[in-house]
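Accompanying notes for the structure given below.
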């Protein structure tokens with residue numbers, strides 16, 4: 001039976017942030033994840049905004065962690081070698097009611113200590129974002145854009161480099177507290193055997209209430225709010241510099257918005273509606289039509305010629321079981337689970353708040369025991385060199401150093417063979433097609449894998465000496481081929 005000091009359940013952005021913070025200390029830690037890679041759940045299904053913190057109730061954990069995470073992110077992005085741009089954000093309005101609702105956010109932001117917020121008129125809005133439609137707007141210069149998948153991968157790889165293990169395709173089915181020793185420990189029962197750990201940290205996202213109940217913690221209720229998106233081709237982003245959000249409704253909620261991504265696409269969405277399905281990521285024609293209708297009110301290029309993909313995400317919000325009111329994040333340690341830290345209801349602004357929440361989880365452990373810092377900890381991680389971001393001179397040098405940089409595998413995103421190989425041999429040992437996609441952006445372009453998918457699959461097979469039937473797209477069982485046909489695959 002393997003023994004650890006701490007087991008983190010869930011390899012989304014929160015779990016990977018906690019893993020990184022744990023790796024600062026002399027602890028044997030591991031992350032358990034039911035999927036074949038990190039960020040295969042809702043951490044990869046969101047807008048990718050670094051929120052400034054002007055929409056969350058003053059004094060709430062959401063507000064405090066969003067502001068804290070926002071302020072430190074330039075430094076964090078530099079340490080972890082992830083793309084990030086402090087793009088700002090505009091919340092546009094047309095009517096007196098819109099103005100009143102936007103001014104509420106202005107007031108909340110001031111109370112939360114958000115820097116630089118200001119109201120702008122139509123001309124000032126045009127100067128900030130020429131593509132936005134509106135009579136006035138709230139401008140938030142501290143807001144930013146990042147790739148949440150790349151960020152999660154970077155956190156995980158940095159944690160792994162500092163000694164944290166990642167156990168993929170491993171699902172927790174039970175937790176038993178054993179107090180026979182002075183310290184006590186948990187027996188973590190999984191589909192792959194039993195693990196022993198002194199500490200459990202639950203950040204299982206949509207399954208966090210299930211893990212809570214395994215720990216003996218009851219009373220938390222979560223509800224799924226699903227949102228659908230259109231992904232627009234990079235050509236739609238010409239001239240768009242800043243995410244454009246509509247005025248909030250009376251309850252403070254946003255409808256469809258247009259957000260430029262750090263890689264140059266535009267996301268239109270999300271809408272929001274209640275769902276019962278834990279992993280119901282299907283999109284529907286009715287909801288997508290609503291995205292087009294609402295998106296066109298703010299941004300001209302919401303046109304069919306630019307649509308290349310759709311996707312959906314689900315925010316599992318903690319709610320009051322009687323009133324249904326959305327509640328704050330929870331980071332707790334309870335007497336009924338003496339050596340467990342429980343995180344429930346972590347949704348937006350979860351990406352922005354990931355490291356602040358991770359530090360608070362560690363603080364819960366330090367209430368019980370002293371943690372010895374590891375002087376060998378390194379906060380830095382180097383990502384895969386992106387050929388498309390290099391200057392012509394840098395590209396020539398890369399090709400001279402490694403001829404694999406001279407072969408383009410994904411034409412839409414200009415991803416080279418060298419990048420694909422680096423992704424296949426990633427430190428975490430994740431080998432699905434989606435693992436390569438998430439690390440390189442191969443298959444994410446205009447043709448949506450029409451050209452490069454077979455080439456990437458061939459490289460996965462040759463590099464890993466894998467049978468075609470063992471190659472999965474993403475989730476366990478998502479096999480892409482059934483066998484050989486005349487020397488090829490089918």
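The values are calculated or read from the model by the stated rules, or taken from the named source; none is laboratory data. This is a predicted model, so every value here is computed, not measured. Positions of Cβ are generated from backbone atoms using ideal geometry, with glycine treated the same way; all protein chains shown enter the neighbour counts.
Taking every residue in segment 380-407 that is touching a residue at least 60 places away in the same chain (Cβ under 8 Å) and pairing it with any residue that is part of a helix (DSSP H, G or I) and surrounded by 11 or more Cβ atoms within 10 Å (Cβ to Cβ), at least 6 positions away or on another chain, the pairs with Cβ-Cβ distances below 6 Å are 380/79; 381/80; 381/154; 381/157; 381/158. For residue 385, the conditions (1) more than 25 Å from residue 262 (Cα to Cα); (2) modelled with pLDDT of 95 or more; (3) surrounded by 14 or more Cβ atoms within 10 Å (Cβ to Cβ) all hold with the exception of (1).
The sole residue among 15, 69 that is under 20 Å from residue 344 (Cβ atoms), in contact with a strand residue (DSSP E or B) (Cβ under 7 Å, 6 or more places away or on another chain) and modelled with pLDDT of 95 or more is 15. Quick one: which helices (runs of 4 or more DSSP H) lie wholly within segment 89-185 and hold at least 2 residues that are within 30 Å of residue 207 (Cα to Cα)? Because the criterion is at least 2 residues that are within 30 Å of residue 207 (Cα to Cα), the helices (runs of 4 or more DSSP H) in segment 89-185 that meet it are 148-161.
May I ask you to verify whether residue 52 is surrounded by 21 or more Cβ atoms within 10 Å (Cβ to Cβ) and out of contact with any strand residue (DSSP E or B) (no Cβ under 7 Å at 6 or more places or on another chain)? Spelling it out, it is not the case that residue 52 is surrounded by 21 or more Cβ atoms within 10 Å (Cβ to Cβ) and out of contact with any strand residue (DSSP E or B) (no Cβ under 7 Å at 6 or more places or on another chain).
Among the residues of segment 409-426, is any part of a helix (DSSP H, G or I), free of Cβ contacts under 8 Å to residues at least 24 places away in the same chain and in contact with a helix residue (DSSP H, G or I) (Cβ under 7 Å, 6 or more places away or on another chain)? Among the residues of segment 409-426, not one is part of a helix (DSSP H, G or I), free of Cβ contacts under 8 Å to residues at least 24 places away in the same chain and in contact with a helix residue (DSSP H, G or I) (Cβ under 7 Å, 6 or more places away or on another chain), which makes the answer no.
Within segment 466-481, how many residues are within 22 Å of the chain's Cα centre (by Cα) and assigned to a loop (DSSP other than H, G, I, E, B)? So the answer is 5. With respect to the conditions (1) modelled with pLDDT of 95 or more; (2) under 29 Å from residue 234 (Cα atoms); (3) more than 24 Å from the chain's Cα centre (by Cα), residue 440 lacks only one, and its number is (3). Of the residues 118, 89, the single one that is in contact (Cβ under 8 Å) with a residue 40 or more places away in the chain and at negative phi is 89.
When segment 236-249 is limited to residues that are under 17 Å from residue 54 (Cβ atoms), part of a loop (DSSP other than H, G, I, E, B) and over 18 Å from the mean Cα position of the chain (by Cα), the one that is modelled with the lowest pLDDT turns out to be 249. Kindly establish whether residue 18 is buried (at least 23 other Cβ atoms within 10 Å of the Cβ) and farther than 30 Å from residue 254 by Cα. Here the answer is no, as residue 18 does not meet what is asked.
Of 321, 338, 356, all but one fail to be surrounded by fewer than 18 Cβ atoms within 10 Å (Cβ to Cβ) and outside any loop (DSSP other than H, G, I, E, B); the exception is 338. Considering segment 180-192, the residues that are touching a strand residue (DSSP E or B) at 6+ places or on another chain (Cβ under 8 Å) and more than 23 Å from residue 346 (Cβ to Cβ) include one that is surrounded by the most Cβ atoms within 10 Å (Cβ to Cβ), namely 185.
Within segment 39-73, the residues that satisfy the criterion of being more than 18 Å from residue 329 (Cα to Cα), in contact with a helix residue (DSSP H, G or I) (Cβ under 8 Å, 6 or more places away or on another chain) and assigned to a loop (DSSP other than H, G, I, E, B) are 39, 40, 41, 48. Every condition in (1) surrounded by 21 or more Cβ atoms within 10 Å (Cβ to Cβ); (2) under 15 Å from residue 338 (Cα atoms); (3) out of contact with any helix residue (DSSP H, G or I) (no Cβ under 6 Å at 6 or more places or on another chain) is met by residue 150 except one, and the failing one is (2). Applying the criterion of being touching a helix residue (DSSP H, G or I) at 6+ places or on another chain (Cβ under 7 Å) and either assigned to a strand (DSSP E or B) or not assigned by TED's automatic domain parsing to the domain that holds residue 207 (or both) to the residues of segment 1-38, the residue that is farthest from residue 153 (Cα to Cα) is 6. Kindly indicate whether residue 120 is modelled with pLDDT of 95 or more, surrounded by 20 or more Cβ atoms within 10 Å (Cβ to Cβ) and touching a strand residue (DSSP E or B) at 6+ places or on another chain (Cβ under 9 Å). Criteria not met by residue 120. Screening 259, 310 for residues that are surrounded by 22 or more Cβ atoms within 10 Å (Cβ to Cβ), within 23 Å of the chain's Cα centre (by Cα) and at pLDDT 95 or above leaves exactly one candidate, 259. For segment 445-472, a residue qualifies if it is touching a residue at least 40 places away in the same chain (Cβ under 8 Å) and surrounded by fewer than 21 Cβ atoms within 10 Å (Cβ to Cβ), and the qualifying residues are 446, 448, 451, 455, 459, 463, 464, 472.
Taken over segment 266-303, residues that are without any contact (Cβ under 8 Å) to a residue 40 or more places away in the chain, within 19 Å of the chain's Cα centre (by Cα) and assigned to a loop (DSSP other than H, G, I, E, B) amount to 1.
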